[in-house]
Amino acid sequence: MASGGKADDTRCHDITMPNPKRRHSKTRTAKRRTHDALTAAATSLCPQCHEPKAPHRICPHCGYYAGRQVRAVDEE
Ligand SMILES: [Zn+2]
């Protein structure tokens, strides 16, 4: 690090880190957390077996995708 005025060697070995000067307000914390909510995973119905499945994925129930069997399924 070339920046900084003093050339003391102790700053690299200093165990204390910079700390926030002020506590965040509850409003500021709440504003940040407005974007923290989780959303449920999207589901669609399989056109073959009409079971719920993830969109654009092979159906885990019947193994069909795009109107044809692409994966073997044990119980059927
Ligand atoms: Zn299916």
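Quick note: the coordinates plus some simple rules give every number you see, no bench work behind them. From a predicted model like this one, the values you see are computed outputs, not experimental measurements. As a convention, Cβ positions derive from the backbone with ideal geometry for all residues, glycine included, and neighbour counts pool all protein chains shown.
Gain on full extension, evaluated as 0.36 nm per residue between residue 72 and residue 38 minus their Cα-Cα distance, stands at 8.9 nm.
Each label point was placed 7 Å from the Cα along the Cα-to-Cβ direction; for residue 19 and residue 45 their separation is 5.9 nm.
With the highest mean first, a sort of the peptides 16-26, 48-58 on other beta-carbon atoms found within 10 angstrom per residue produces 48-58, 16-26.
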